[in-house]
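Engineer: Have a look at this one before I ask anything.
The values are calculated or read from the model by the stated rules, or taken from the named source; none is laboratory data. Computed from a predicted model, the values in this text were never measured in an experiment. Glycine gets a Cβ as well: all are built from the backbone with ideal geometry, and neighbour counts include every protein chain shown.
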Amino acid sequence: MRRQLIMSKVNRKLSAFALSLAISCGVGILPNAAGATATQPILPTQKHNHDVSVPVGASTSTIQSAINSASSAGGGTVTLASGEYTITAPLVLKSNVTLNGAGKNSTVLKRNAGTNLGANGVLTTSTSGGVVNVIVTNLGIDGNSFIDPDTDPDHDSITNYGALIQGPDTSNDKILFDNFKVKNSTMGLHIKGSTNVTIQNSDFNNNGGSYLYWHNMYLRRVSKVLVKNNVMSYSSSGNGLNISYSDNVTIDSNSVYNNYFRGIRVADSSYIDTVNNNVHDNKSGDGIIYNSESTGVTNFKINSNTVKNNGGYGILVNSSSSNGEVKNNIDDGGNASGFKKIDGSNVTQ
């Protein structure tokens, strides 16, 4: 009996220790806990094995050769001088390479108007993915293909992404976009099949194509992502930010406004925190919406955001979503359907 009592106490201590360790690591914590915090991404490591400077006006092939040589050397930085570069084919990003400009408004990669990139971006990755430690900073993209789907009957015939990180699930790891800009593309920034992604201090505007489904930023099948201090505005067709089939995403301190459809939309995902954002004047949909394509959103936070003048609700959580918090948000008025509608289960307000 004494031995059983001692072992019971030991087991309780071990269980408490395991729970404490799980909480401190941010993994495996109370999977059904409302409002559990999203795990933050790990930043990529900058390499300097082979650094290359590219002069203003260099051709697409010259820039690609510089990226390839830095990657082949085990990593390096390709620095583009201030100015505009005419892009005639997708630039393929490679592992351990930093692509650096003189500023998001100073160094601009502009798609040649006669070049259809197809299902690729001005910046892209191989369809098989597999890139690691990629940094894009101080750089702008002009997709040179602004489309208004209400007036252009051929809006489905052109697909020119600004930047496209693609591949199977979790094939890309440690990606950073910092002080980056994309405008006038059919999709601004599209990332899928990736983990440990940071997008910060950047600007995505006037991107859009097919009615309602082409966005300033679209994250799909991603994990451990931080979207912070960005502007996502004036999408001609879709949302400021669209997220689906993802987990552990933090959307913090962004300005999301004047998009044709919604501001921030999340579906079929878990551990998605939308905090401290200013979301206003999104024309035909809700400011912040958590909804479903099949399963809804679980274990989430929608806290301390300001919503104003959106075409639907300021904040909407549908009935397929559960286990979350919607707290301390500010209604600045003018939301067409009202401040908020929370239909999800086990959502604290």
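Engineer: Pick from segment 112-132 the residues that are touching a residue at least 60 places away in the same chain (Cβ under 8 Å) and in contact with a Gly (Cβ under 7 Å, 6 or more places away or on another chain): which of them is surrounded by the most Cβ atoms within 10 Å (Cβ to Cβ)?
Structural biologist: Taking segment 112-132 as the starting set, the residues that turn out to be touching a residue at least 60 places away in the same chain (Cβ under 8 Å) are 121-122, 129, 132.
Add one more test, that the residue is in contact with a Gly (Cβ under 7 Å, 6 or more places away or on another chain), and what stays is 121-122, 129.
Numbers: Gly121: 32, Val122: 26, Gly129: 19.
My answer is Gly121.
Engineer: Also, I was wondering about something else. Could you list, ordered by first residue, the pairs with Cβ atoms under 7 Å in which the first is in segment 216-243 and free of Cβ contacts under 8 Å to residues at least 40 places away in the same chain and the second is in a strand (DSSP E or B) and small (Gly, Ala, Ser), at least 6 apart or interchain?
Structural biologist: Met217/Gly188; Arg220/Ser244; Val222/Ser194; Val231/Ser255; Ile243/Ser269
Engineer: Out of all the residues in segment 57-99, which are touching a Pro at 6+ places or on another chain (Cβ under 8 Å) and either at pLDDT below 95 or over 18 Å from Lys181 (Cα atoms) (or both)?
Structural biologist: Of everything in segment 57-99, nothing turns out to be touching a Pro at 6+ places or on another chain (Cβ under 8 Å) and either at pLDDT below 95 or over 18 Å from Lys181 (Cα atoms) (or both).
Engineer: Can you name the strands (runs of 3 or more DSSP E) wholly within segment 152-244 that have at least 1 residues being more than 19 Å from Val97 (Cβ to Cβ) and at pLDDT 95 or above?
Structural biologist: Numbers: elements: 160-165, 172-183, 187-200, 203-205, 217-228, 231-233, 241-244.
Here the list reads 172-183, 187-200, 203-205, 217-228, 231-233, 241-244.
Engineer: Here's something else I'd like to know. Identify the residue in segment 133-151 that is surrounded by 18 or more Cβ atoms within 10 Å (Cβ to Cβ) and over 17 Å from Val182 (Cα atoms) and, among all such residues, is modelled with the lowest pLDDT. Lay out the reasoning, then the answer.
Structural biologist: Here is the first cut: in segment 133-151, the ones surrounded by 18 or more Cβ atoms within 10 Å (Cβ to Cβ) are 133-145, 147, 149.
Within this subset, residues satisfying the condition of being over 17 Å from Val182 (Cα atoms) are 133-134, 149.
Working: Asn133: 98, Val134: 98, Pro149: 61.
It comes out as Pro149.
Engineer: Looking at segment 252-269, which of its residues are under 18 Å from Val317 (Cβ atoms), without any contact (Cβ under 8 Å) to a residue 40 or more places away in the chain and touching an Asp or Glu at 6+ places or on another chain (Cβ under 7 Å)?
Structural biologist: Pass one, segment 252-269, residues under 18 Å from Val317 (Cβ atoms): 256, 261-269.
From what's left, without any contact (Cβ under 8 Å) to a residue 40 or more places away in the chain: 256, 264-269.
Of everything in segment 252-269, those that are under 18 Å from Val317 (Cβ atoms), without any contact (Cβ under 8 Å) to a residue 40 or more places away in the chain and touching an Asp or Glu at 6+ places or on another chain (Cβ under 7 Å) turn out to be Ala267, Asp268, Ser269.
Engineer: Same structure, new question: Go through segment 98-138 residue by residue and tally those that are β-branched (Val, Ile, Thr) and over 20 Å from the mean Cα position of the chain (by Cα). Working first, answer last.
Structural biologist: At the first step, the residues of segment 98-138 found to be β-branched (Val, Ile, Thr) are 98, 107-108, 115, 122, 124-125, 127, 131-132, 134-137.
Checking the rest, the ones that are also over 20 Å from the mean Cα position of the chain (by Cα) come to 107-108, 115.
Going through segment 98-138 one residue at a time, the tally reaches 3.
Engineer: Looking only at segment 188-211, which residues are among the hydrophobic types (A, V, I, L, M, F, W, C) and in contact (Cβ under 8 Å) with a residue 60 or more places away in the chain? Don't jump to the end; show me each part of the working.
Structural biologist: Start the filter on segment 188-211 by keeping residues that are among the hydrophobic types (A, V, I, L, M, F, W, C), which leaves 189, 191, 197, 199, 204.
Matches in segment 188-211: Val197 only.
Engineer: Output yes when any residue across segment 228-235 is among the aromatic types (Phe, Trp, Tyr) and crowded, with 24+ Cβ neighbours inside 10 Å, and no when none is. Please lay out each step first, then the result.
Structural biologist: So the first thing to find is which residues in segment 228-235 are among the aromatic types (Phe, Trp, Tyr), and the list is 234.
Next cut, crowded, with 24+ Cβ neighbours inside 10 Å only: none.
The answer is no; no qualifying residue exists.
Engineer: Right, next: Within segment 85-109, can you find the residues that are closer than 16 Å to Ser61 by Cβ and of a type in the set (D, E, K, R)?
Structural biologist: Lys94 - this is the single residue of segment 85-109 that is closer than 16 Å to Ser61 by Cβ and of a type in the set (D, E, K, R).
Engineer: Ok, one more. Can you find, within segment 108-130, the residue that is modelled with the highest pLDDT among those that are in a loop (DSSP other than H, G, I, E, B) and β-branched (Val, Ile, Thr)? Full working, then the answer.
Structural biologist: Step one: of segment 108-130, the residues in a loop (DSSP other than H, G, I, E, B) are 112-119, 125-130.
Still in the running and β-branched (Val, Ile, Thr): 115, 125, 127.
Details: Thr115: 89, Thr125: 95, Thr127: 84.
Among those that are in a loop (DSSP other than H, G, I, E, B) and β-branched (Val, Ile, Thr), it is Thr125.
Engineer: Moving on. Given the criteria of a type in the set (D, E, K, R), closer than 22 Å to Ser194 by Cα and at pLDDT 85 or above, does Lys47 qualify? Full working, then the answer.
Structural biologist: Values: of a type in the set (D, E, K, R): yes; closer than 22 Å to Ser194 by Cα: yes; at pLDDT 85 or above: yes.
For Lys47, the condition - of a type in the set (D, E, K, R), closer than 22 Å to Ser194 by Cα and at pLDDT 85 or above - is met.
Engineer: I need every pair where a residue in segment 68-95 that is buried (at least 22 other Cβ atoms within 10 Å of the Cβ) and part of a helix (DSSP H, G or I) has its Cβ under 8 Å from the Cβ of a residue that is small (Gly, Ala, Ser) and at pLDDT 95 or above, sequence separation at least 6 or different chains.
Structural biologist: Partner pairs satisfying both residue conditions: Ala70/Gly76; Ser71/Ser95.
Engineer: I'm told Phe261 meets every condition in (1) within 18 Å of the chain's Cα centre (by Cα); (2) more than 24 Å from Asn201 (Cα to Cα) except one. Can you identify the failing condition by its number?
Structural biologist: The one condition Phe261 does not meet is (2).
Engineer: Answer yes if at least one residue in segment 319-326 is more than 16 Å from Asp273 (Cα to Cα) and out of contact with any helix residue (DSSP H, G or I) (no Cβ under 6 Å at 6 or more places or on another chain), and no otherwise. Don't jump to the end; show me each part of the working.
Structural biologist: Quick first cut of segment 319-326, residues more than 16 Å from Asp273 (Cα to Cα) only: 319-320.
So of that shortlist, the ones also out of contact with any helix residue (DSSP H, G or I) (no Cβ under 6 Å at 6 or more places or on another chain) come out as 319-320.
Checking segment 319-326: at least one residue is more than 16 Å from Asp273 (Cα to Cα) and out of contact with any helix residue (DSSP H, G or I) (no Cβ under 6 Å at 6 or more places or on another chain).
Engineer: Sticking with this structure for a sec: Which ones in segment 270-284 are free of Cβ contacts under 8 Å to residues at least 60 places away in the same chain and either part of a loop (DSSP other than H, G, I, E, B) or of a type in the set (Phe, Trp, Tyr) (or both)? So that I can check it myself, show each step before the final result.
Structural biologist: Of segment 270-284, the ones free of Cβ contacts under 8 Å to residues at least 60 places away in the same chain are 270, 274-284.
Correct list: Asn276, Asn277, Asp281, Asn282, Lys283, Ser284.
Engineer: Collect the residues in segment 295-316 that are in a strand (DSSP E or B) and either small (Gly, Ala, Ser) or crowded, with 21+ Cβ neighbours inside 10 Å (or both), keeping them in residue-number order.
Structural biologist: The initial filter retains those residues of segment 295-316 that are in a strand (DSSP E or B), namely 297-303, 306-308, 313-316.
Scanning segment 295-316 gives Val297, Thr298, Asn299, Phe300, Lys301, Ile302, Val307, Tyr313, Gly314, Ile315, Leu316.
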